[in-house]
Structure formats: C-alpha cells, structure tokens
1. Please go through the range 95-110 and pick out each residue that is aliphatic (A, V, I, L, M) and in a loop (DSSP other than H, G, I, E, B).
2. Please go through the range 57-88 and give me each residue that is in a strand (DSSP E or B) and either on the phi > 0 side of the Ramachandran plot or out of contact with any helix residue (DSSP H, G or I) (no Cβ under 6 Å at 6 or more places or on another chain) (or both), ordered by number.
3. Can you tell me which residue in the range 79-129 is surrounded by the most Cβ atoms within 10 Å (Cβ to Cβ), limited to those that are of a type in the set (Ser, Thr, Tyr) and in contact with a Gly (Cβ under 7 Å, 6 or more places away or on another chain)?
4. Which one of VAL91, VAL54, VAL34, VAL43 is within 22 Å of the chain's Cα centre (by Cα), in a loop (DSSP other than H, G, I, E, B) and either modelled with pLDDT of 95 or more or among the β-branched types (Val, Ile, Thr) (or both)?
5. Name the residue, out of THR132, THR69, that is over 11 Å from GLY48 (Cβ atoms) and of a type in the set (S, T, N, Q).
6. Could you list all residues from the range 59-73 that are modelled with pLDDT of 90 or more and either exposed (fewer than 13 other Cβ atoms within 10 Å of the Cβ) or within 18 Å of the chain's Cα centre (by Cα) (or both)?
Amino acid sequence: MSASWFTRRTLLTLAVGAGVFGFSGCRKNAPAPVSGDMTAIVVVTNRGFYDVNVYAIRSAGVVGRRLGTISGGSGATLRIRESDQQPGGGVTLQLRAIGARSTWTSPTLNLGFGVVGRLDIASSSGGDLSRTMFYSLSQQPGTL
C-alpha cells in the first residue's frame, strides 16, 4: 500500500462522514422542541398473589394498550405516553388478573406536571380485584 492511497482513502472517509453529519441538521421541517414531557407516571404495588396485566384505556369500548405485567407481591413504575392518555391528559387503567376471570377498570385521573398516579392492586384468593385503588399524589422533587 502506498501512502497516497491511504491518504485518499482517509480523506474520502472524512468527506463522506462530514457530509452525512453536516446534512442531517439541514432538515427544513424539523419538529419543534417539546416544551414539556407529557408522560404520566404511575407507581404500582401489587399486594396480591396474582400476576396482573395493566392496560391504558384511551376511550370506552376500545381495547387498551398493554403497559406491562405486575407480578404478585411486587411493584413497578409505569410511564404512560401522551398517545395512550385520554384527550386532556386523563388516565384510565384496566387490570386483568392472570389465571382468574377478574377485571377492574379505574376511575379517570388527570396526571399532569408534579402529579403521580398511585395504583395499589389488592386481589382476593379468587383473583377479585375490586379492592384495588387508583389515586394521585403530589410528587416531591427528586422522588417517585
């Protein structure tokens, strides 16, 4: 290999790289920066034995989007995208106990800036979810 071949190859690689990175910022219709994160946060604690699937319900009569499964005796933090919330930022959850015929639909809560949803899942030995509670709390800075 000659030094001139290596130099040409290096310069070509640099030129192509600069072109890719240089033109990527010249998009005419680039989306405007989002002023605030519209993701709702729900802290979940499953105090029951059954594993439970959690769904976000956007409107009545529509199958919701599955947010996750919360194992019995455990907890998780769910983030609900704005596209999965109801118009105006309302959050309605539906729970389905795995291995049981029980479902539970929450009341609608508005979870905005500084407000966190809290879902306490309570199931009976038969999988009944009727004692479950969904409520909101003010979020303290630096905590969930």
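1. If the condition is that a residue be aliphatic (A, V, I, L, M) and in a loop (DSSP other than H, G, I, E, B), then ILE98, ALA100 are the ones that fit.
2. Of everything in the range 57-88, those that are in a strand (DSSP E or B) and either on the phi > 0 side of the Ramachandran plot or out of contact with any helix residue (DSSP H, G or I) (no Cβ under 6 Å at 6 or more places or on another chain) (or both) turn out to be ILE57, ARG66, LEU67, GLY68, THR69, ILE70, GLY75, ALA76, THR77, LEU78, ARG79, ILE80.
3. SER123
4. Result of the check over VAL91, VAL54, VAL34, VAL43: VAL34.
5. THR69
6. ARG65, ARG66, LEU67, GLY68, THR69, ILE70, SER71, GLY73
The values are calculated or read from the model by the stated rules, or taken from the named source; none is laboratory data. As the structure is a prediction and not an experimental result, all values here were calculated from the model. Using ideal geometry, Cβ is built from the backbone for each residue, glycine included, and neighbour counts are taken over all protein chains shown.
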